[in-house]
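Have a look at the structure below, then the notes.
The values are calculated or read from the model by the stated rules, or taken from the named source; none is laboratory data. All values derive from a computational prediction rather than experimental measurement. We place every Cβ from the backbone using ideal geometry, glycine too, and count neighbours over all the protein chains shown.
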């Protein structure tokens, strides 16, 4: 009997560590698992409800809107691209497109700029956290509530609208308001209407003859608070001329025209002028009891009540008028979303390398140079994300415009989302045009959304 020698045919080849054995073929059962080890069938079962909801609530409405946009108002006749032509020919829809362009340009830019300023400044104040909380607080308010708030803020009446109360207060600080805007004389009074809203006496004034300046048209509640019952003008000493200016109206009736009755009040602060040959030779102001005195130079002059006494009071700015309604609503949007921009930018600001900022200061750069040449460029990715996010948001703005803009100027403040609502559910609903507007909004949002996603992915790969 013979035995196989080493290296013989009957012996197994020696193991060679330099040549690893080939891996076994993949198991079909294992290939059905995901990277986390979960079977794909199970993963699909969990994802199926979400996919069904996504298709039912997003994909199907989009597809049906595109389909419906090619049909007429009744939905029975094929309209082709006529509905899309209407988007650029109908005056109301064109206004909405223009206003949307204004929104996209100004609202995100202003909100982002304010957010950047707030984020930078709050790092340097002691109560920065409290300030951030106050600025961010409007984000907790719904669009409906914010719209109601700013509808009151922009109210035309200064006693209700805060914006006009401030405007009137500033105006009246530098321009004295009129005391008796609606005052006027009766035909039986010794006054008649002159040029420019003034009132003049029918006869020249004479020394020794007390003057009477009666007016009506002033509500007793609007009279000066310190006005006293009018008194007949006393006999003036020397060559001076005295007179009485009063409200010729007795509350409850019983008074006589052109007569100073006991309950009638003096027109305190009324300005009186004596005019000769077109020149003012003397002036006087009525006291609390309406009594005034002119010097002797007024003898033979014509008495004039200047128009400044009767100028209509300044009622503020028509914030919700056709010319200012869109900027006003954009202001309310900025009030809500500047806090959102501030929080995101502050988070990016916290991640900046402080040693780089300090090095720039050591090299002699002032704070403006540090902000403009270092802080802003390093925050550019964050600013871009905030800006694009707000652009997507303003393309869909509806609530604020619908609530704040009154009916008289809603056409001037119109935007695409509001026009979509009006075209689809208004009195003359046209679902074809409404669907075309919806498709246009989708086409406007998609590029901005894709840019934002691309930017976020790019930042994530860094």
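For the residues 88, 150, 70, 118, the requirement of being crowded, with 16+ Cβ neighbours inside 10 Å and more than 26 Å from the chain's Cα centre (by Cα) singles out 70.
Residue 424 meets the conditions (1) in contact with a helix residue (DSSP H, G or I) (Cβ under 7 Å, 6 or more places away or on another chain); (2) at pLDDT 90 or above; (3) within 30 Å of residue 82 (Cβ to Cβ) in every case but one. The failed one is (2). Each residue in the stretch 351-380 was checked for being under 16 Å from residue 111 (Cα atoms) and surrounded by 13 or more Cβ atoms within 10 Å (Cβ to Cβ), and 2 of them qualify.
Which residue, of 291, 317, is surrounded by fewer than 20 Cβ atoms within 10 Å (Cβ to Cβ) and either under 44 Å from the mean Cα position of the chain (by Cα) or over 30 Å from residue 119 (Cβ atoms) (or both)?
Exactly one residue qualifies, and that residue is 317.
Let's see how each residue does on (1) part of a helix (DSSP H, G or I); (2) within 17 Å of residue 334 (Cα to Cα):
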residue	(1), (2)
382	yes, no
388	yes, yes
391	yes, yes
401	yes, yes
414	no, no
419	yes, no
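Scanning the stretch 243-263 turns up at least one residue that is in contact with a helix residue (DSSP H, G or I) (Cβ under 7 Å, 6 or more places away or on another chain), in contact (Cβ under 8 Å) with a residue 24 or more places away in the chain and in the same structural domain as residue 297 (by TED's automatic domain parsing).
Okay, residues lined up against (1) in the same structural domain as residue 115 (by TED's automatic domain parsing); (2) touching a residue at least 40 places away in the same chain (Cβ under 8 Å); (3) farther than 30 Å from residue 148 by Cβ; (4) buried (at least 17 other Cβ atoms within 10 Å of the Cβ):
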| residue | (1), (2), (3), (4) |
| --- | --- |
| 397 | yes, yes, no, yes |
| 407 | yes, no, no, no |
| 416 | yes, yes, no, yes |
| 442 | yes, yes, no, no |
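Residues that are without any contact (Cβ under 8 Å) to a residue 60 or more places away in the chain and under 19 Å from residue 259 (Cβ atoms) were ranked within the stretch 155-191; the one that is surrounded by the fewest Cβ atoms within 10 Å (Cβ to Cβ) is 187.
Take the conditions modelled with pLDDT of 90 or more and over 36 Å from the mean Cα position of the chain (by Cα) and apply them to residue 22. Does it pass? Considered against the rule, which asks whether it is modelled with pLDDT of 90 or more and over 36 Å from the mean Cα position of the chain (by Cα), residue 22 comes out as no.
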